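This report refers to the structure that appears directly beneath it.
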Amino acid sequence: MDRLDEIRAFTAVAEARSFTQGARRLEVSPAQISKLVARLENRLDARLLNRTTRDVSLTDTGQAYLERARELLDGFDALETSVRDQGGPSGTLKISAPVSFGKGQLTPALLDFAAAYPAVAIDVAFADRIVNLVEEAFDVAVRIGQLTDSSLVAKRLAAVRMVTCASPEYLATHGTPMALEDLTGHAAILDTNAREATTWTFGPHGDRREVRVHGRLRFNGAEACVAAAVAGFGITRTPAFAAADELRAGRLTPILCTAEPELIHVHAVYPHARHLAAKVRAFVDFLANRYAGEPAWHQGWGAEHPWRGVRV
């Protein structure tokens, strides 16, 4: 087991390119992981890592050793997982999810999953940054929008419409935009979590239109933007799940619906594994069943019949 600890330490450091990040991944101290890697190199009488004050890189020998080490660790982990999972899903499931969707939509599903699988402990981190599942030891992440990491397995869970909306009172006072260019004359409530908060993109992929908007209220989260729109401060643009309750209640009115782009999607993503842990498989299947069909956040406010006659 001492040798296995050495191999795990080396692999964690090599993949993270950092002793500090590798130690965090294995939940040990940097001094301990450094000691394990040094012991491995001494035992092999070979340098596996080049160390500088800013970076850690693999030597040619280290690169070859890493490839074989991964195979060994994957096989060992698959063996342990197959035995452990004979009694069904168990252990700690570490999950990452975006803040707005996580707190508003995912939390009820998480509680139902916890009730259905009492042998699984759930450790959830709500954050809008894209975590590194491998380096930060997450089992699974829920992500919304375009996926960029092709090294992960992705399971599509649900569709999400973008909604441009404002309170009826605001629209009565300032007028309802009937064309995209009308937005430039209105107060926009900006979500700084968006890639470009002041540029709203409309239309399908083949006919994209970008509109520059302006506003004095900026928030790094959809909930605050929706609250500001309900209060009459302007027009906001948000995923439907964040505004569905307010849209159903009539406290917000959707506008320019036919100009919205294609649906974005919610995915569950997780690292490749020869033997997927039962807790991960159970969770992903649970969410897929939970969100099957038309999502609840699209129902009851007219998303099925968007406004017509909008000039894109």
>> Residues that are closer than 30 Å to TYR117 by Cα and not aliphatic (A, V, I, L, M), at least 3 per element: which helices (runs of 4 or more DSSP H) completely within region 194-295 meet that?
In response: 278-290
> What single numbered condition from (1) surrounded by 15 or more Cβ atoms within 10 Å (Cβ to Cβ); (2) of a type in the set (Val, Ile, Thr); (3) within 30 Å of the chain's Cα centre (by Cα); (4) at pLDDT 90 or above fails to hold for THR92?
Replying inline: (1)
>> Restricting to region 202-222, and then to whatever is surrounded by fewer than 16 Cβ atoms within 10 Å (Cβ to Cβ) and under 22 Å from ASP128 (Cα atoms), can you tell me which residue is modelled with the lowest pLDDT?
In response: ASN220
>> Of everything in region 127-144, what is in a loop (DSSP other than H, G, I, E, B) and more than 15 Å from PRO89 (Cβ to Cβ)? Give them in sequence order.
In response: ALA127, ASP128, ARG129, ILE130, VAL131, ASN132, LEU133, VAL134, GLU135, GLU136, ALA137, PHE138
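Within region 145-167, restricting attention to residues that are touching a strand residue (DSSP E or B) at 6+ places or on another chain (Cβ under 8 Å) and part of a loop (DSSP other than H, G, I, E, B), which residue is nearest to HIS298 (Cα to Cα)? Break it down stepwise before answering.
First, pick out the residues of region 145-167 that are touching a strand residue (DSSP E or B) at 6+ places or on another chain (Cβ under 8 Å): 145-147, 149, 151-167.
In the following step, the residues that additionally are part of a loop (DSSP other than H, G, I, E, B) were identified as 145-147, 149, 151, 161, 167.
Values: GLY145: 17, GLN146: 20, LEU147: 22, ASP149: 28, SER151: 31, ARG161: 8, SER167: 18 Å.
Filtering first and then ranking leaves ARG161.
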>> Looking at the structure I just gave you, is HIS186 in contact (Cβ under 8 Å) with a residue 12 or more places away in the chain, over 21 Å from PRO239 (Cβ atoms) and over 18 Å from the mean Cα position of the chain (by Cα)?
In response: no
>> Tell me the residue from VAL160, VAL142 that is over 24 Å from ALA227 (Cα atoms) and of a type in the set (Val, Ile, Thr), please.
In response: VAL142
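Sort out for me the strands (runs of 3 or more DSSP E) sitting completely within region 29-126 that have 1 or more residues that are assigned by TED's automatic domain parsing to the domain that holds ASN289.
Strands (runs of 3 or more DSSP E) meeting the threshold: 91-97, 120-126.
The values are calculated or read from the model by the stated rules, or taken from the named source; none is laboratory data. Predicted model only: the values in this text are computed from it and were never measured. Positions of Cβ are generated from backbone atoms using ideal geometry, with glycine treated the same way; all protein chains shown enter the neighbour counts.
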